[in-house]
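The next block holds one structure in the form of structure tokens; read it before the comments.
The values are calculated or read from the model by the stated rules, or taken from the named source; none is laboratory data. Please read all numbers here as calculations on a predicted model, not as lab measurements. We place every Cβ from the backbone using ideal geometry, glycine too, and count neighbours over all the protein chains shown. Just so you know, the surface numbers come from the protein's heavy atoms only, side chains and all, with ligands and any DNA or RNA stripped out. Shrake-Rupley method; radii C 1.70, N 1.55, O 1.52, S 1.80 Å.
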Amino acid sequence: MKTLQIAILVTSIFLNSCHKKKDTVEFEKKVFDDIFLSAVDSTLVDLRTYTGLQYSEKQKDSIKKDTLHRVVAFNIQNYIAPDDFLANNVSKYKLVDDSVWNFTLEKYSSLRYILKDSNELPITDNLNVWKNKYPKFSGGLSFSKIYFDEAKENGIFEATYYCGPSCGLGYAIYIKKTNTKWKILKVKNIWIS
């Protein structure tokens with residue numbers, strides 16, 4: 001009888017922890033829903049002008065005005081940021097859980113961006129496969145998991161923009177809950193390649 005009680009207790013604890021983990025993932029997904037497109041706006045560089053030395057100034061101006069339907073290769077799975085990412089904020093922000101999950105890009109559709117899974121085409125040294133298939137290819141993005149303060153009213157995550165093997169930018173994105181929505185407070189460039 002005692003063995004049965006222990007088995008029931010262990011099963012109950014396991015099921016409760018699974019439910020809590022699902023709740024924390026759903027919470028993080030809701031926060032990403034609120035800030036996703038703003039984070040893309042804040043971190044996406046247009047590859048056509050960033051590395052576009054072949055364009056004249058007039059062509060670059062034309063590209064800068066052409067902001068609709070830019071193609072973005074997106075790493076659809078978030079990741080745990082590198083250890084040094086929280087170097088100055090290690091005591092303030094923590095992961096709510098360590099599970100990674102995939103983004104559903106379709107729900108973030110907009111006129112500005114056509115979001116593609118980065119696994120669709122090979123990521124080559126100079127991204128020519130992407131550039132050839134999509135003339136409005138602007139580069140690639142990936143987002144880390146969000147690290148929250150204890151009250152879950154502030155957060156920080158890493159965004160990585162890539163435009164080639166030695167071409168990229170890293171950002172720390174600070175977010176805050178205002179009323180019932182999350183907003184970006186600050187975007188800080190933290191590295192360049």
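The H on the amide N of PHE74, modeled in the peptide plane, is under 5 Å from the matching H of LYS116, ASP117, SER118, LEU141, each at least 5 residues off or on a different chain.
Stretched out fully, how many nm does the piece from ASP66 to SER38 gain, at 0.36 nm a residue minus the Cα gap?
Numbers: separation 28, 0.36 × 28 = 10.08 nm, distance 1.83 nm.
Stretched out fully, the ASP66 to SER38 stretch lengthens by 8.3 nm.
Using the alpha-carbon positions of the range 35-170, Rg (one decimal) and Dmax (whole number) come out as 16.3, 50 Å.
Take the solvent-accessible surface of the protein heavy atoms, probe 1.4 Å, and return the percent of it on the range 88-145 that carbon and sulfur atoms account for.
Details: 1590 of 3200 Å².
Percent of accessible area from carbon and sulfur atoms in the range 88-145: 50.
Straight Cα distances below 17 angstrom link LYS65 to the lysines LYS136, with same-chain residues fewer than 8 positions distant left out. Its DSSP H runs of at least 4 residues, each contributing -39,500 (n - 2.57), put the calculated 222 nm mean residue ellipticity of the chain at -10500 deg cm²/dmol, to the nearest 500. Modelled label positions at LYS131 and THR104, each set 7 Å beyond Cα in the direction of Cβ, lie 3.6 nm from each other. Among LYS116, LYS177, LYS65, the largest mean-square fluctuation in a Gaussian network model of the chain, built with springs joining Cα atoms closer than 10 Å, belongs to LYS65.
So how much slack lies between GLU57 and LYS188, counting 0.36 nm per residue of separation and subtracting their Cα-Cα distance, in nm? Don't skip to the answer; put the middle values down first.
Working: separation 131, 0.36 × 131 = 47.16 nm, distance 2.77 nm.
Result for the pair: 44.4 nm of gain on full extension.
Solvent exposure of the range 132-193, expressed per residue, is 46 Å² of accessible area, with all protein chains present and a 1.4 angstrom probe.
Of LYS107/LYS176; LYS60/LYS152; LYS29/LYS188; LYS60/LYS116, which pairs sit farther than 30 Å apart, going by alpha carbon to alpha carbon?
Values: LYS107/LYS176 22 Å; LYS60/LYS152 42 Å; LYS29/LYS188 22 Å; LYS60/LYS116 24 Å.
Long pairs (Cα-Cα over 30 Å): LYS60/LYS152.
Taken about its Cα centre, the chain carries a charge dipole of roughly 440 debye when the Cβ of each Lys and Arg holds +1 and the Cβ of each Asp and Glu holds -1.
With the whole protein complex present, ILE63 retains an accessible surface near 20 Å², based on a 1.4 Å probe.
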